[in-house]
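A.B. asks: Mind looking over this structure? Questions follow.
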Amino acid sequence: MAIVAWKPAAAERARNPRFIRNVTVCVSSIALLLIAVLVGLMSGSIPIPAGEVWTALLHATDTEARQIVWNLRLPRILTGMLAGICLATAGAFLQGVFRNPLADPGIIGVSSGGGLAAVVIMILFPEQIAFLPIAAFTGALTAAIVVYALSWKGGASPLRLILAGVAVNSLLGAAMTALMILNSEKVQAVLPWMSGSLNGRSWPHFETLLPYTVIGMMASIFLIKQANLLVLGDDAAKVLGSKVEAGRLWIILLSTFMAGAAISIVGMVGFVGLVVPHIVRLLVGSDYRLLLPISAIGGGMLVIAADTAARSWFDPIEFPVGILLALLGAPFFLYLLRRGLNR
Amino acid sequence: MSDALCASDLKYGYRSEPVVDGFDLSVAPGEWLGIVGPNGSGKSTVLRMLARLVPPERGVIMMGGQNMAGMNTKEIARRLTMLAQTQESSLDITVRELVRRGRNPHLKWYEECRGKHEDVVDWALQVTSLESLQHRSLLELSGGERQRAWLAMCMAQSPETLLLDEPTTYLDIAHQLELMELIRRLNREQGITVIMVLHDLNQAARYCDRIVAVKKGAVVREGRPSELFKTDFFRDVFGIEAKVYDDEGVPVYLPCGVVRQQPYPEKASSAAL
């Protein structure tokens, strides 16, 4: 087919009215993340003013402020940030490949698989507690693979994946509950983990999670194009020459990898993977080139903010961040749902 | 010159019941072919097989003399595209962004739509008269505009062959004709081969060069609209009585009623089972 010579309308292209809004969202999300980190470093049972935080960060002194900022708050904040990045990235990807706004890392069994493995370790083999992250990560990965395999029938359609996910989730959830009821005297140790908590997270946790996050984010760059095709629908993506099943499998694997790593360190933190990509989509639209990085930043920011609130509001009790996220996330989600219905 | 598309002896079935069986078709380059037939005749399934969305159980599809089964997905996507009846409707992306994704088969995995690819996007927006809407979100468009945006995405693939599955079903009559006129322009001016499943037989007669009628998964009639549109055609294929008029060389049919059939002879035999 001969394409007629056509004058490039470069001027017209540049006049994208979304451009300014997108730049604003980018800049302000990074700014909000930095503010969340700063406020997180300042707040807690012992408030530290910004100036002292700054000195404590830059100078390795022996002061109390340095102890709190450098050894307690900073690693905890950074661990929470990485977990938020991983969960929100996974959620953004999964909502796209399932073309379902309710998808989150839980839907493919990541939470229930990781949760069951962690509960088994904590209740049945408490002496092996050091292996908890590895066990949770393996459990999450295994559950996701089982869900994928169960839904395969000449291809894994989003609907079958969701149905298989629901079935596997309820099975694993039942096993988890049974274990806890049979060992009710040990449940106390499990509860904070179950609701997702950053209590006592320190540099080793950060160092464990960092490579997973970095590898995951780098790999996700290569899957952006694939995700942008999959959201058009399976048929449209195939017609555009995309290998739909392979692309979906890679995206599910990456999401499982990142979400599994996150929950193995911070426990079953919910709602970040569901709510953050949702809000970001309302702000910047469905293009993954923007949706993904901004969801990642937003996820990091939300976990830091929620953990800061959980630490400061309920002082001296250290409230698990996951509970606060669910308490705030659920009403907000209902609000979004109503808004969507009215539109 | 070899056929744009040529299918021979296609078979496809859901479970064991064949939906398409022994389907043959050949389409010349630059032709506009209409596929018509009653509900459940398998015409959409045929189109999906031609677009390689479903693999045929049996039979061969050749594109420009090459067997499609042996071709790379992207290679096919550079030459053949399909516009479906309905599309994903919740996408919040701009028209231009949608059309840019049409360049995917021409890009290597690490490439972005830039430079000369953007020029093709400009061209696709121009031929579909979407330049003024290019920065609108798909959510803000009317049904007709949205269908045109998806057609523009198909055009950005710079295809030789365009398959369409009843693309006008959910459009009002003015938007139906607008889309048909647009496809006619693409067919005539760009030389794109068009294969289209249609419901509206009068539109089929007006726009298509040739019509193929499908019933029970196989071609039962084919020919130019003026040869094909006779009362027995409507009786045999659709089971209706119809009058056919001539409108300056284009046949127009007027349905008058359902053909009276024997009162369900199959029912007795199925009861015997």
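The values are calculated or read from the model by the stated rules, or taken from the named source; none is laboratory data. Small disclaimer: the values here were computed from a predicted structure and weren't measured. We place every Cβ from the backbone using ideal geometry, glycine too, and count neighbours over all the protein chains shown.
A.B. asks: Of all residues in region A:215-270, count the ones that are closer than 25 Å to A:Asn199 by Cβ and either in contact with a strand residue (DSSP E or B) (Cβ under 7 Å, 6 or more places away or on another chain) or β-branched (Val, Ile, Thr) (or both).
C.D. replies: 4
A.B. asks: Further question on the same structure: Going through region A:49-69 one residue at a time, which ones are in contact with a Leu (Cβ under 7 Å, 6 or more places away or on another chain) and over 19 Å from A:Gly300 (Cα atoms)? First the steps, then the outcome.
C.D. replies: Of all residues in region A:49-69, those in contact with a Leu (Cβ under 7 Å, 6 or more places away or on another chain) come to A:50, A:53, A:69.
Scanning region A:49-69 gives A:Ala50, A:Val53.
A.B. asks: Continuing with the same structure: Please determine whether any residue of region B:129-142 is under 27 Å from B:Ile76 (Cβ atoms), among the small types (Gly, Ala, Ser) and facing chain A (nearest Cβ under 9 Å). Before you say what the answer is, go through the steps one by one.
C.D. replies: Initial filter on region B:129-142 (under 27 Å from B:Ile76 (Cβ atoms)): B:130, B:138.
Among the residues that remain, those that are also among the small types (Gly, Ala, Ser) are: none.
There is no residue in region B:129-142 that is under 27 Å from B:Ile76 (Cβ atoms), among the small types (Gly, Ala, Ser) and facing chain A (nearest Cβ under 9 Å).
A.B. asks: Does A:Ile129 qualify as being surrounded by fewer than 24 Cβ atoms within 10 Å (Cβ to Cβ), at pLDDT below 85, part of a helix (DSSP H, G or I) and of a type in the set (Val, Ile, Thr)?
C.D. replies: On the way: surrounded by fewer than 24 Cβ atoms within 10 Å (Cβ to Cβ): yes; at pLDDT below 85: yes; part of a helix (DSSP H, G or I): yes; of a type in the set (Val, Ile, Thr): yes.
Answer is yes for this residue.
A.B. asks: Go through region A:13-43 residue by residue and tally those that are more than 14 Å from chain B (Cβ to nearest Cβ) and more than 24 Å from the chain's Cα centre (by Cα). Write out each step before concluding.
C.D. replies: Quick first cut of region A:13-43, residues more than 14 Å from chain B (Cβ to nearest Cβ) only: A:23-24, A:26-43.
Imposing the further condition that a residue be more than 24 Å from the chain's Cα centre (by Cα) reduces the set to A:42.
The qualifying residues number 1.
A.B. asks: Restricting attention to region B:66-101, which residues are under 21 Å from the mean Cα position of the chain (by Cα), assigned to a loop (DSSP other than H, G, I, E, B) and within 7 Å of chain A (Cβ to nearest Cβ)?
C.D. replies: B:Ala84, B:Gln87, B:Glu88
A.B. asks: Separate question: With respect to A:Leu328, is the statement that it is under 16 Å from A:Leu274 (Cα atoms), of a type in the set (A, V, I, L, M) and surrounded by fewer than 24 Cβ atoms within 10 Å (Cβ to Cβ) true? Lay out the reasoning, then the answer.
C.D. replies: Numbers: under 16 Å from A:Leu274 (Cα atoms): yes; of a type in the set (A, V, I, L, M): yes; surrounded by fewer than 24 Cβ atoms within 10 Å (Cβ to Cβ): yes.
So A:Leu328 fits the description; yes.
A.B. asks: So, in region B:152-175, of the ones that are part of a helix (DSSP H, G or I) and either among the aromatic types (Phe, Trp, Tyr) or in contact with a helix residue (DSSP H, G or I) (Cβ under 7 Å, 6 or more places away or on another chain) (or both), which residue ends up farthest from the other protein chains (Cβ to nearest Cβ)? I'd like the intermediate steps shown before the answer.
C.D. replies: Kept after step one, since they are part of a helix (DSSP H, G or I), are these residues of region B:152-175: B:152-156, B:173-175.
Among the residues that remain, those that are also either among the aromatic types (Phe, Trp, Tyr) or in contact with a helix residue (DSSP H, G or I) (Cβ under 7 Å, 6 or more places away or on another chain) (or both) are: B:152-153, B:155-156, B:175.
Values: B:Ala152: 13, B:Met153: 8, B:Met155: 9, B:Ala156: 10, B:His175: 21 Å.
Within region B:152-175, the match that is farthest from the other protein chains (Cβ to nearest Cβ) is B:His175.
A.B. asks: Looking at region A:241-272, which of its residues are within 9 Å of chain B (Cβ to nearest Cβ) and surrounded by 24 or more Cβ atoms within 10 Å (Cβ to Cβ)?
C.D. replies: A:Ser242
A.B. asks: Additional query: Just to be sure before I move on: is B:Glu118 loosely packed, with under 15 Cβ neighbours inside 10 Å and either within 9 Å of another protein chain (Cβ to nearest Cβ) or of a type in the set (A, V, I, L, M) (or both) in the structure I sent? Even if it seems obvious, please write down each step before you answer.
C.D. replies: Working: loosely packed, with under 15 Cβ neighbours inside 10 Å: no; either within 9 Å of another protein chain (Cβ to nearest Cβ) or of a type in the set (A, V, I, L, M) (or both): yes.
When the stated conditions are applied, B:Glu118 does not pass them.
A.B. asks: For region A:1-108, please list each of the helices (runs of 4 or more DSSP H) lying entirely inside it that holds at least 2 residues being modelled with pLDDT of 90 or more. If you could, list the steps in order and put the result at the bottom.
C.D. replies: On the way: elements: A:10-14, A:18-42, A:50-58, A:74-97.
Passing ranges, in order: A:18-42, A:74-97.
A.B. asks: Residues being closer than 17 Å to B:Leu80 by Cβ and buried (at least 20 other Cβ atoms within 10 Å of the Cβ): count how many of those fall in region B:30-43.
C.D. replies: Within region B:30-43, residues that are closer than 17 Å to B:Leu80 by Cβ and buried (at least 20 other Cβ atoms within 10 Å of the Cβ) number 3.
A.B. asks: Could you list, ordered by first residue, the pairs with Cβ atoms under 8 Å in which the first is in region A:218-232 and at negative phi and facing chain B (nearest Cβ under 10 Å) and the second is in a loop (DSSP other than H, G, I, E, B) and acidic (Asp, Glu), at least 6 apart or interchain?
C.D. replies: As it stands, the answer is A:Asn228/A:Asp287; A:Val231/B:Glu88; A:Leu232/B:Glu88, since those pairs meet every condition given.
A.B. asks: B:Arg58 versus (1) within 30 Å of A:Arg281 (Cβ to Cβ); (2) of a type in the set (D, E, K, R); (3) away from every other protein chain (no Cβ under 11 Å): which is the lone unmet condition?
C.D. replies: Only one criterion in (1) within 30 Å of A:Arg281 (Cβ to Cβ); (2) of a type in the set (D, E, K, R); (3) away from every other protein chain (no Cβ under 11 Å) is unmet by B:Arg58, namely (1).
A.B. asks: For region B:102-112, name all the residues that are surrounded by fewer than 21 Cβ atoms within 10 Å (Cβ to Cβ) and either in a loop (DSSP other than H, G, I, E, B) or at the interface with another protein chain (Cβ under 7 Å from one of its Cβ atoms) (or both). Before you say what the answer is, go through the steps one by one.
C.D. replies: Of all residues in region B:102-112, those surrounded by fewer than 21 Cβ atoms within 10 Å (Cβ to Cβ) come to B:106-112.
Hits for region B:102-112 are B:Leu107, B:Lys108, B:Trp109, B:Tyr110, B:Glu111, B:Glu112.
A.B. asks: Hey, another quick one. Can you name every residue in region B:31-60 that is over 23 Å from B:Arg224 (Cα atoms) and among the hydrophobic types (A, V, I, L, M, F, W, C)?
C.D. replies: B:Met49, B:Ala51, B:Leu53, B:Val54, B:Val60
A.B. asks: I want to confirm something. Restricting to region B:161-182 and keeping residues that are within 19 Å of B:Arg48 (Cβ to Cβ) and either without any contact (Cβ under 8 Å) to a residue 12 or more places away in the chain or not hydroxyl-bearing (Ser, Thr, Tyr) (or both), which single residue is surrounded by the most Cβ atoms within 10 Å (Cβ to Cβ)?
C.D. replies: Per the criteria, the residue is B:Leu163.
A.B. asks: While we're on this one: Any residue in region A:42-64 that is touching a residue at least 60 places away in the same chain (Cβ under 8 Å) and closer than 24 Å to A:Ile317 by Cα sitting within a Cβ distance under 9 Å of a residue that is of a type in the set (A, V, I, L, M, F, W, C) and part of a helix (DSSP H, G or I)? List the pairs, counting only those 6 or more apart or interchain.
C.D. replies: A:Ser43/A:Ala309; A:Gly44/A:Ile68; A:Gly44/A:Leu72
A.B. asks: Quick check on B:Met82: is it crowded, with 17+ Cβ neighbours inside 10 Å, more than 15 Å from B:Cys6 (Cα to Cα), at pLDDT 90 or above and not hydroxyl-bearing (Ser, Thr, Tyr)? Lay out the reasoning, then the answer.
C.D. replies: Details: crowded, with 17+ Cβ neighbours inside 10 Å: yes; more than 15 Å from B:Cys6 (Cα to Cα): yes; at pLDDT 90 or above: yes; not hydroxyl-bearing (Ser, Thr, Tyr): yes.
Yes, satisfied.
A.B. asks: Sticking with this one: Tell me the residue from B:Pro38, B:Pro55 that is in contact (Cβ under 8 Å) with a residue 60 or more places away in the chain and either in contact with a Phe, Trp or Tyr (Cβ under 9 Å, 6 or more places away or on another chain) or in a loop (DSSP other than H, G, I, E, B) (or both), please. It would help to see each step written out before you state the result.
C.D. replies: Working: B:Pro55 fails: in contact (Cβ under 8 Å) with a residue 60 or more places away in the chain.
That would be B:Pro38, the only listed residue that is in contact (Cβ under 8 Å) with a residue 60 or more places away in the chain and either in contact with a Phe, Trp or Tyr (Cβ under 9 Å, 6 or more places away or on another chain) or in a loop (DSSP other than H, G, I, E, B) (or both).
A quick yes/no check of all residues on (1) in contact (Cβ under 8 Å) with a residue 24 or more places away in the chain; (2) surrounded by fewer than 24 Cβ atoms within 10 Å (Cβ to Cβ); (3) out of contact with any strand residue (DSSP E or B) (no Cβ under 8 Å at 6 or more places or on another chain):
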position: A:Val276; (1), (2), (3): yes, no, yes
position: A:Val280; (1), (2), (3): yes, no, yes
position: A:Arg289; (1), (2), (3): yes, yes, yes
position: A:Ala296; (1), (2), (3): yes, no, yes
position: A:Met301; (1), (2), (3): yes, no, yes
position: A:Ala306; (1), (2), (3): no, no, yes
position: A:Pro316; (1), (2), (3): yes, yes, yes
position: A:Val321; (1), (2), (3): yes, no, yes
position: A:Leu334; (1), (2), (3): no, yes, yes
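A.B. asks: Say we look at region B:176-196 and pick out the residues that are part of a helix (DSSP H, G or I) and touching a strand residue (DSSP E or B) at 6+ places or on another chain (Cβ under 8 Å); which of these is nearest to the other protein chains (Cβ to nearest Cβ)?
C.D. replies: Within region B:176-196, the first condition is being part of a helix (DSSP H, G or I), and the residues that meet it are B:176-189.
Add one more test, that the residue is touching a strand residue (DSSP E or B) at 6+ places or on another chain (Cβ under 8 Å), and what stays is B:183-184, B:186-187.
Values: B:Ile183: 14, B:Arg184: 16, B:Leu186: 9, B:Asn187: 11 Å.
Applying the filter and picking the extreme gives B:Leu186.
A.B. asks: Additional query: When region B:36-55 is examined, which residues are found to be more than 12 Å from chain A (Cβ to nearest Cβ) and under 12 Å from the mean Cα position of the chain (by Cα)?
C.D. replies: B:Val36, B:Lys43, B:Thr45, B:Val46, B:Met49
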